[in-house]
Structure formats: structure tokens, C-alpha cells
Amino acid sequence: MSQQVQGVVAPGKNEPVRVETIIVPDPGPGEAVVKVQACGVCHTDLHYKQGAINDDFPFLLGHEAAGVVESVGAGVTDVAPGDFVVLNWRAVCGHCRACLRGRPWYCFATHNAEQKMTLTDGTELSPALGIGAFAEKTLVAAGQCTKVDPAVSPAVAGLLGCGVMAGIGAAINTGQVGRGDSVAVIGCGGVGDAAVVGARLAGAARIIAVDIDDRKLETAKKMGATHTVNSRSGDPVEAIRELTGGFGADVVIEAVGRPETYEQAFYARDLAGTVVLVGVPTPEMKLELPLLDVFGRGGALKSSWYGDCLPSRDFPMLIDLHQQGRIDLSAFVTETIGLGDIEKAFARMREGDVLRSVVQF
């Protein structure tokens, strides 16, 4: 029997979000209903509201979440009612060419729930990243549920569902930061700070945080940055080179998603170094680089999708490291809020006042 719950809906481009009653159907084959316990407020949710992702309004926002499986549909065997899970937006299929080649983190046929959640008048909702977790309960594909240790705080666990995993994975999985490497991270919001944590975890010797906000640079230092550069007051490329013996960093992680900062990342790396783009650009952005420089500098230019993570492998591992005290995921939670506070959280995000606001239920 379908259920009525409260959820946060973006009704149209740049319109204020609203708390609405939504209808959550019973799970069908391969689906699960999850009682959401916490959901982080991510930049991607703001992008949905602004129409920067697509125009499939109205959206049911929220995707960076953890909760408890309430019910499952036919054929679901990997999770069961009562399981504590982190929701992930890339449920691998196991059958596409990437999965069959042993690279499921590149899965080209990720799946979501087949059924739609709706408003009470029957209007179908588009769940953000196929999840829609700014709601008391949500319907997802069962493969989007990853079991983790239930002893961890839901507010902490949920952040692995997007931003924290994206940043840590950009360093460890995509950038393949190694012991003794030098790493520069351009853009020190939640994703950039997570990249700092990932670089430290991988054993980087020098971690250079770059931003235009001194508050963010101070936070990056607490997360493990060894040096900071305010790019508003000087050329970050020259600063990074000075801090790396004149050569540039082995790995530069661009966590902004703008052509200007990507060009800085490109020229701030050492010869044969790696650039990792984890910041998400908007559709109209263009990049122009001399092709000779692309050839002559060698190395690798990579994009990081969701930190190139495999949720079933990476989520439990990172929760274990947090529980052991080897990384502090709770440091990313700036504040906990209610469903009615999303607009205020978006404003605080734009002002750079938070790493993460987390809705708790």
C-alpha cells in the first residue's frame, strides 16, 4: 500500500523549494523503500533547483543520504528490511561492457527505481540523481542501497552518498595518489576538503589547498593540508610550483568545475603529472588549451565520476576507517537542520559558511 510522506520539491527553475506531501508506492521488483534518517545538502541539489542539470521539473531533491530499509520488492536479495544503508546514485548493472571488463565503477547502465513517486494530485516527481531523499521515505532501486556498520551516525554515513566519496575517490581512485606524492587541491568546499583527506590517507607528503576564501583554507588545514594558497592574492600556479621545488604537483585535483581553475590545474602539475576534474561544469562552459601544451606536458587528464567509486567496496571501507579514528568524517557536518530549512542551507552554501548542512529526521 502506498504511503504519504513529507518531502522537499523544487517546482520550477529558480523557484523556492517547498515541503510537499508526496506519495511513495510499495516497492516493485528490484526496488526498496528506505526510511531516510539523514540527508546532506549538496551543490548538486542547488544545480537541480537552478535548472542546470535538466528541466524535468518538479524535482524531489536530496541524494546524499543514509537510512533503514523498510521494505523490498520481489527478487531483492542483497538487502532486507532493517538493514542500515547508504544510498548511492550509481547502482551498477553487472552486465554492461564496463562491468564485464571488471570496471564496474565505470558502469554505463546504472539503474534507478522503475516506479515514480508523485505529488498527491498525481504529478510525477523526478528524484535528484535517482534518489530523492529530502523526504521521510524514498523509493530507490535496491542496488542503490549499500549496507554499512549501523553503529555510525546517519549524518556521517550519508555524506558518502555523494560529496565526501567524490573527493576522497578523486584522490585515491582516480588520481591514484601515492606515498610521498605532492598534491594540489583547487577549490576547498566539501568535495575539495574530502580530496585533501583522501590525499592524506594515501600518504601524500605535500598537500596544497587553493581557494579564494581564507576560512576555507583554514578548514582545509584542519583536514590535512600542509600548505595553503589564496588565489585571490596571487598566481596559484606559481605558488604551487614554488612549493614543489619549481616543478608542479604530481596530482592536481580541480574541485570547482570552471575553465579558469581547470587551466590553473593543467599548468600547476609536474611534467607527466595528473589532473583530476571532479568539480562539475555547466553545459555552456568551454575550455581552450594549446594542443602543443597538452602533448608536450604528457601525463594524464582525467575526469572523476563519483570518485570512480564502487559503493559496495568503498563505503564500508571508509566507514571502518572513520570508526577506527583514521579519518574524521564527522568534521564535514557543519550543522543539522530540518526539512523546512533547505532554502536557508542553500544560502549558507553559496556564502561558503558550511561544509555540509545535513537534514536529520
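The values are calculated or read from the model by the stated rules, or taken from the named source; none is laboratory data. In this text the structure is predicted, and so the values were computed from the model without any measurement. Cβ coordinates were reconstructed from backbone atoms using ideal geometry, including for glycine residues, and neighbour counts include every protein chain displayed. With ligands, DNA and RNA removed, areas are computed over all heavy atoms of the protein, side chains included. Shrake-Rupley method; radii C 1.70, N 1.55, O 1.52, S 1.80 Å.
Screening the range 162-259 for strands (runs of 3 or more DSSP E) wholly inside it with 3 or more residues that are touching a strand residue (DSSP E or B) at 6+ places or on another chain (Cβ under 9 Å), more than 19 Å from Ile327 (Cβ to Cβ) and free of Cβ contacts under 8 Å to residues at least 60 places away in the same chain returns the ranges 206-211, 227-230.
Inside the range 6-53, can you point out the residues that are of a type in the set (D, E, K, R), open to solvent by 30 Å² or more (accessible area, probe 1.4 Å), more than 26 Å from Asp78 (Cβ to Cβ) and not in a strand (DSSP E or B)?
Across the range 6-53, the qualifying residues are Lys13, Glu15.
Scanning the range 250-272 for residues that are of a type in the set (A, V, I, L, M, F, W, C), closer than 13 Å to Ala300 by Cβ and open to solvent by less than 30 Å² (accessible area, probe 1.4 Å) yields Val251, Val252, Ile253, Ala265, Phe266. So is Gly279 under 16 Å from the mean Cα position of the chain (by Cα), of a type in the set (Gly, Ala, Ser), buried (at least 20 other Cβ atoms within 10 Å of the Cβ) and within 20 Å of Asp328 (Cα to Cα) or not? It is false that Gly279 is under 16 Å from the mean Cα position of the chain (by Cα), of a type in the set (Gly, Ala, Ser), buried (at least 20 other Cβ atoms within 10 Å of the Cβ) and within 20 Å of Asp328 (Cα to Cα). Out of all the residues in the range 157-179, which are crowded, with 24+ Cβ neighbours inside 10 Å and among the hydrophobic types (A, V, I, L, M, F, W, C)? Of everything in the range 157-179, those that are crowded, with 24+ Cβ neighbours inside 10 Å and among the hydrophobic types (A, V, I, L, M, F, W, C) turn out to be Ala157, Leu159, Leu160, Cys162, Val164, Met165, Ala166, Ile168, Ala170, Ala171, Val177.
Scanning the range 38-71 for residues that are over 18 Å from the mean Cα position of the chain (by Cα) and modelled with pLDDT of 95 or more returns Asp56, Phe57, Pro58, Phe59, Val68, Val69, Glu70, Ser71.
Here Gly325 does not fit the description of being modelled with pLDDT under 95, of a type outside the set (A, V, I, L, M) and at positive phi.
Looking only at the range 335-361, how many residues end up being part of a loop (DSSP other than H, G, I, E, B) and either open to solvent by 70 Å² or more (accessible area, probe 1.4 Å) or touching a Phe, Trp or Tyr at 6+ places or on another chain (Cβ under 6 Å) (or both)?
Matching residues across the range 335-361 total 4.
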